[in-house]
Amino acid sequence: MKKTGAIISLSFLLFSFKLMSQDKIAARIDSLFSSILKQDEPGGAVLVAKGEDVLFSKGYGIADITTKTPITAHTIFNTGSVSKTFVSNAILLLEQRKLLSLDDNLLKYFPEFRNKDIAQKVKIRHLLSHVSGLPDNREVNKNPVFYLTADDAQNFAPVQQTDSLVFEPGSRYQYSNPAFNGLALIIEKITGNKWQDFVRKEIFSPAGMIESDITDGAHPETGVAHAYIKEKRKFKELDYGEEPTFCAAGNGGIWCSVTDLHRYYLALYKPAFLNKEIIENSMQVKTFTEWNSEKEPVNGYSWFITKTVNGLKRIGHTGSQGGFRADFEFVPEKKIVICLLFNIPHDVSMLTKKIETILIEEKIL
């Protein structure tokens, strides 16, 4: 009986210690963001979790300067280039179902490509890792009004007219937004439906991402955060309607909350929509026999593979579109996930590192 009581007491003490530790972590993270984000200005939302356990989740500032709607952990933001991971996973779903091969070349899906030799050289796997060598020859600066409403097809069309590559596919890295417009179009060619509908059904639904949406034409003015920049002490809206290429959804059209980003993370590791082997492979740095750059590759299939402040493997993606900023990072070894979404420009990578430092000091990371 005494032994049972001792075990219960020890369990209670351990549970109490865990709660105290989480409270301290939450207080430190809250102090960090309270010091840089004002409650009456555009701000952001933060979520930090260890597996399913949410260590911290809170919103700061306002989602809309007109309505003064406060930001919460359920406020919907544009995630910018974090969207590329959804397009990549949709492509991998089609590969899993044997509806495509990552070694398929672009000529198979885009016979209208002006230079057939280039289209034969570039493969799907090259697009996924930003090593295609295709130029971004969109004339956004010359025709900004057109690109305010240009969709994926209109953003990828100039690429199909190219006469030369920047480099041979697989030989070096160059970040490419149009590559993911092209991947979105491949999803549509295979499924016969909008790629947005495919992602909603095959990724959002099994992941339980009930607060998420995807740009599909004009985006609603209500129910989502608006993004801003500050000029001469005044806030200027900079999102859909002000920022060119905002309608090019394949490279930056996913809208979600930090709560849904956490659900996305959990779905990747259950796994809920892709085989474990395919997910793990997508999060490994991709090397190509053609590689001749002095810089080491750091990309998986859309994912960036880097290291935390204390040297652990970190997987994730940042996002920047208009005044929106995003960072979605996780550390598989420790099951730590950090989700940051802002509607005003901030250095999200620096803030993620500051959160990591707190977690290291509190012996969580």
Listed residue (Phe156, Ile210, Asn105) projecting farthest to the positive dipole end of the chain, Cβ model: Ile210
Roughly how many debye, to the nearest 20, is the charge dipole of the range 26-361 about its Cα centre, given +1 on each Lys and Arg Cβ, -1 on each Asp and Glu Cβ, and no other charges? 500 debye
Length gain on complete extension for the stretch Ser205 to Val140, per 0.36 nm per residue less the alpha carbon to alpha carbon distance? 20.0 nm
Looking only at Lys295, Lys286, Lys353, which one moves most when the chain is put into a Gaussian network model with springs between Cα atoms under 10 Å? Lys295
The range 26-361: relative contact order from alpha carbon pairs under 8 Å, six or more residues apart, as a whole percent, is 24 percent
With a sphere of radius 15 Å drawn around the Cβ of Gly61, what net charge do the other residues whose Cβ falls strictly inside it have (Lys, Arg +1; Asp, Glu -1)? 0
Please give the length that would be gained between Ile278 and Val298 if that part of the chain were fully extended, namely 0.36 nm times their separation in residues minus their C-alpha to C-alpha distance (nm, one decimal). 5.4 nm
Net charge near Ser31 (other residues with Cβ under 12 Å of its Cβ; Lys, Arg +1; Asp, Glu -1) is +3
Which net charge results for the neighbourhood of Glu211, defined as the other residues with beta-carbon distances under 14 angstrom from its beta-carbon, given Lys and Arg at +1 and Asp and Glu at -1? 0
Pick the calculated semi-axes √(5λ) of the Cα gyration tensor in Å for this structure from (1) 37, 26, 18; (2) 60, 20, 18; (3) 57, 30, 21? (1)
Span-like helices, the chain: DSSP H, alpha-carbon axial extent 18 Å or more, mean Kyte-Doolittle 0.5 or greater, which ones? 2-34, 83-96, 178-191, 348-361
Karplus couplings for the range 107-113 from phi (6.51 cos²θ - 1.76 cosθ + 1.60, θ = phi - 60°), rounded to Hz, Gly and Pro as x? 4, 4, 9, 10, x, 7, 3
Which of Val82, Val140, Val331 moves most in a GNM of the chain, Cα contacts under 10 Å? Val140
Cα→Cβ-extended label distance, 7 Å offset, between Asp163 and Gln120, nm: 2.0 nm
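Read-outs: derived from the displayed coordinates by stated rules, not from any lab. Everything numeric here is computed off the predicted structure, so don't read it as measured data. We place every Cβ from the backbone using ideal geometry, glycine too, and count neighbours over all the protein chains shown.
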